[in-house]
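For reference, the structure is listed below as structure tokens.
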Amino acid sequence: MNKYNISITFKDGSFVMVDAKYEPSFFNPFVTIQCTDGRVISYQDKDVKMVVSTPVEVKSDNQKN
């Protein structure tokens, strides 16, 4: 599973940045986001205006250059 930096903008102009692990789906945009801080936010939330997810490369500790 990949990790994502997610910026969620609300209709009142406020926004929140979260780290989340989820599988984005173009077929089901109404997925809930399980945030690493425990919160769960849904794309369907009536207060959500825009969600931008940026994939983060997860480097494992055993790869040393």
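Residues of the range 43-65 being modelled with pLDDT of 70 or more and either closer than 15 Å to Tyr4 by Cα or loosely packed, with under 10 Cβ neighbours inside 10 Å (or both), which ones? Answer for the range 43-65, where residues must be modelled with pLDDT of 70 or more and either closer than 15 Å to Tyr4 by Cα or loosely packed, with under 10 Cβ neighbours inside 10 Å (or both): Lys46, Val51, Val52, Ser53, Thr54, Pro55, Val56, Glu57. Any residue that is modelled with pLDDT under 80, assigned to a loop (DSSP other than H, G, I, E, B) and not β-branched (Val, Ile, Thr) - is there at least one of those in the range 14-22? Yes: the range 14-22 contains one or more residues that are modelled with pLDDT under 80, assigned to a loop (DSSP other than H, G, I, E, B) and not β-branched (Val, Ile, Thr). If we scan the range 29-39, do we find a residue that is surrounded by fewer than 10 Cβ atoms within 10 Å (Cβ to Cβ), on the phi < 0 side of the Ramachandran plot and either in a strand (DSSP E or B) or at pLDDT below 70 (or both)? Among the residues of the range 29-39, at least one is surrounded by fewer than 10 Cβ atoms within 10 Å (Cβ to Cβ), on the phi < 0 side of the Ramachandran plot and either in a strand (DSSP E or B) or at pLDDT below 70 (or both), which makes the answer yes.
The values are calculated or read from the model by the stated rules, or taken from the named source; none is laboratory data. The structure displayed is predicted, hence computed values, not measured ones. So basically every Cβ, Gly included, is an ideal-geometry build from the backbone, and we count neighbours across all protein chains shown.
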